[in-house]
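Undergrad: To start, I am sharing the structure in question, which I have written as C-alpha cells.
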Amino acid sequence: MSNAVGEVTNRLREDYITVKVATTYVATNGGHQYPYASWNTAATSFPDAVAAAVSNVWVSNGNYTVTAQTTLDTG
C-alpha cells in the first residue's frame, strides 16, 4: 500500500484466516498434519481433531488418551 507522497507500508496479520475442512480424521498412525483432512494426514490427538472440525470427526480404531474435557459443539 502507498499514499499520495509515495510512502509505502505493508501489513501482515498472522493467523487471521483459519482454514477448516468439513471432516477431520483421527488415527493413532496418522501424519498429524493440519487440517487432518484424510487418513494419511489424520490427527493423532482426539482434541486436536475436534478443535479443527467443522462438522464431522471420523475416529479410527485405537486407544486415545484424553486428558481434559472435550466438547463437540458442531453439527
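Undergrad: Return the residue satisfying two criteria in turn: it lies in region 1-45 and is in contact with a helix residue (DSSP H, G or I) (Cβ under 9 Å, 6 or more places away or on another chain) and not in a loop (DSSP other than H, G, I, E, B), and of such residues it is nearest to Asn61 (Cα to Cα).
TA: Across region 1-45, the extreme among qualifying residues is Val26.
Undergrad: When the residues of region 1-34 are narrowed to those that are closer than 23 Å to Ala49 by Cβ and small (Gly, Ala, Ser), which ends up surrounded by the fewest Cβ atoms within 10 Å (Cβ to Cβ)?
TA: The extreme case among them is Ala22.
Residue-by-condition table, conditions (1) modelled with pLDDT under 85; (2) more than 18 Å from the chain's Cα centre (by Cα):
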residue	(1), (2)
Ser2	yes, yes
Asn10	yes, yes
Thr18	yes, no
Ala27	no, no
Thr41	no, no
Asp48	no, no
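Undergrad: Can you name every residue in region 53-75 that is within 17 Å of Thr23 (Cβ to Cβ), surrounded by 12 or more Cβ atoms within 10 Å (Cβ to Cβ) and over 16 Å from the mean Cα position of the chain (by Cα)?
TA: Result: Ser60, single match.
Undergrad: Follow-up. Please go through region 55-75 and give me each residue that is among the aliphatic types (A, V, I, L, M) and at pLDDT 85 or above, ordered by number. If you could, list the steps in order and put the result at the bottom.
TA: Just the residues of region 55-75 that are among the aliphatic types (A, V, I, L, M), to begin with: 57, 59, 66, 68, 72.
Selection gives Val57, Val59.
The values are calculated or read from the model by the stated rules, or taken from the named source; none is laboratory data. Predicted model, so just to flag it, every value in this text is computed and none were measured. Note: ideal-geometry Cβ built from the backbone for every residue, glycine included; neighbour counts use all protein chains shown.
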